[in-house]
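To start, the structure under review is shown below, and the notes come after it.
The values are calculated or read from the model by the stated rules, or taken from the named source; none is laboratory data. Just so it is clear, the model here is predicted, and its values are computed rather than measured. When we count neighbours, we look across all protein chains shown, and the Cβ atoms used for this are built from the backbone with ideal geometry, even at glycine.
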């Protein structure tokens with residue numbers, strides 16, 4: 001989480017509650033993270049946390065840009081998340 005926060009600061013962005021929520025969910029995964037499944041799971045939780053669907057998508061893009069998380073397109077992909 002600290003690495004993502006440093007990345008956000010280096011880009012002149014704040015580590016908001018919403019960004020922390022999505023990042024924690026991604027970093028908690030021990031298995032390959034399928035982009036579509038992750039997005040849909042977060043959308044369900046996001047409504048309870050007052051987070052818009054578009055924010056979830058934008059934050060997922062930030063996570064990928066940071067190179068700290070890679071999402072797979074195919075649920076059968078062998079990708080292992082970085083340590």
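State whether the residues of segment 44-60 include one that is part of a helix (DSSP H, G or I), surrounded by 16 or more Cβ atoms within 10 Å (Cβ to Cβ) and in contact (Cβ under 8 Å) with a residue 40 or more places away in the chain. Outline the logic, then answer.
Keep residues of segment 44-60 that are part of a helix (DSSP H, G or I), which gives 44-48, 53-60.
After this cut, where a residue has to be surrounded by 16 or more Cβ atoms within 10 Å (Cβ to Cβ) as well, the list is 46, 55-56, 59-60.
Keeping just the survivors that are in contact (Cβ under 8 Å) with a residue 40 or more places away in the chain gives 59.
The answer is yes; a qualifying residue exists.
Considering every residue within segment 61-74, establish whether at least one is assigned to a helix (DSSP H, G or I), modelled with pLDDT of 90 or more, closer than 16 Å to residue 17 by Cβ and under 11 Å from the mean Cα position of the chain (by Cα). Show your work before the answer.
Quick first cut of segment 61-74, residues assigned to a helix (DSSP H, G or I) only: 61-65.
Adding the requirement that they be modelled with pLDDT of 90 or more leaves 61-65.
Pick out the ones that are also closer than 16 Å to residue 17 by Cβ and you get 62-63.
Remaining after also requiring under 11 Å from the mean Cα position of the chain (by Cα): 62-63.
Yes, because at least one residue in segment 61-74 is assigned to a helix (DSSP H, G or I), modelled with pLDDT of 90 or more, closer than 16 Å to residue 17 by Cβ and under 11 Å from the mean Cα position of the chain (by Cα).
Any residue at all in segment 33-43 that is in a helix (DSSP H, G or I), surrounded by 13 or more Cβ atoms within 10 Å (Cβ to Cβ), modelled with pLDDT of 85 or more and in contact with a strand residue (DSSP E or B) (Cβ under 8 Å, 6 or more places away or on another chain)?
Looking for residues that are in a helix (DSSP H, G or I), surrounded by 13 or more Cβ atoms within 10 Å (Cβ to Cβ), modelled with pLDDT of 85 or more and in contact with a strand residue (DSSP E or B) (Cβ under 8 Å, 6 or more places away or on another chain), one finds at least one in segment 33-43, hence yes.
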